[in-house]
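Structure first, commentary second.
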Amino acid sequence: MRTAFGVIRIIAAGVIIAAIVAQLVHSITLVPDVTHFLVNFFSYFTILSNALAAVALLIGAYYSFTRRRDPAWYNLSLAAVVTYMATTGVVYNLLLRNIPLDQGSTVPWSNEVLHLIAPIYIVLVWILTPGKSALKWPSIWTIIAFPLAWSVYTMIRGPLVGWYPYPFLNPAQPGGYGAVAVYVVAIAGFIGLMACVVIALSRTKILAR
């Protein structure tokens with residue numbers, strides 16, 4: 001069973017990497033300033049969360065082939081990735097699906113993989129993959145550390161370069177910083193809720209095995 005999940009993890013990681021590369025290669029041909037574009041491209045939470053997911057899946061594949069259970073540090077790391085990917089999927093499909101983003105022309109299949117298929121898959125991985133161990137509730141602080149750091153980075157860099165990865169983070173929108181604050185608080189609350197769900201799932205007798 002563990003070996004089969006390891007193979008699936010490798011395939012899924014490959015699809016995610018291909019989706020990121022496809023969008024990057026396509027977009028990079030459409031922009032005048034490649035260096036500026038690359039920094040912006042890897043400032044999207046979607047790209048970062050998917051890249052982390054691909055790395056986590058490849059590491060997880062190794063452990064699937066070599067150990068009966070995933071080590072505790074990996075279990076926590078995967079929980080964090082699940083939280084980020086669930087957030088990516090929900091936020092995009094609720095707030096951004098019909099809004100064109102500043103990343104050049106979107107590659108349709110890549111967009112669906114990064115914003116829909118991969119998030120759903122990662123959540124299923126957390127629910128179905130054997131060899132997990134129960135997480136402690138204080139783990140939530142470790143899980144939410146990265147999104148908090150990303151938010152601080154985004155809001156500091158935004159005014160300096162005049163660019164924000166998502167329209168709802170741009171204070172030039174109606175409502176200004178007040179509207180941005182509402183979105184940030186709402187999304188932070190959702191990330192915290194997702195982290196709680198992920199931890200709770202790891203502690204159930206059925207899933208923590």
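The values are calculated or read from the model by the stated rules, or taken from the named source; none is laboratory data. Remember, it's a predicted structure, so these values are computed and weren't measured experimentally. Positions of Cβ are backbone-derived with ideal geometry, glycine not excepted, and every protein chain shown enters the neighbour counts. Each accessible area value is taken on the protein alone, full model and side chains, heavy atoms only, with ligands, DNA and RNA left out. Shrake-Rupley method; radii C 1.70, N 1.55, O 1.52, S 1.80 Å.
Sorted largest first by accessible area at a 1.4 angstrom probe radius, with every protein chain in place, the residues Asp70, Asp33 fall in the order Asp33, Asp70.
Compare Leu169, Leu95, Leu148 by solvent-accessible area with a 1.4 Å probe and give them largest first, with all protein chains kept in place. Provide the component values of the computation, followed by the final result.
Values: Leu169 10, Leu95 70, Leu148 95 Å².
Solvent-accessible surface, decreasing: Leu148, Leu95, Leu169.
Report the accessible area of Ile199, computed with a 1.4 Å probe over the heavy atoms of all protein chains in place, in Å² rounded to the nearest 10. Number for this one is 0 Å². Considering only alpha-carbon pairs that sit under 8 angstrom and 6 or more positions apart, the relative contact order computed for the chain is 27 percent. Region 141-209 and region 45-105 have Cα centres spaced 14 Å apart. Enumerate by residue number the trypsin sites (Lys or Arg not before Pro) in region 1-81 meeting two conditions: DSSP loop (anything except H, G, I, E, B), and at most 16 other Cβ atoms within 10 Å of the site's Cβ. Those satisfying the criteria are Arg67, Arg68, Arg69.
For the ranges 80-91, 136-147, what's the packing order if you count other beta-carbon atoms within 10 Å of each residue, average per peptide, and put the highest first? If you can, show how the numbers build up before the last one.
Working: 80-91: 23.9, 136-147: 15.6.
Put in order of decreasing packing, that is 80-91, 136-147.
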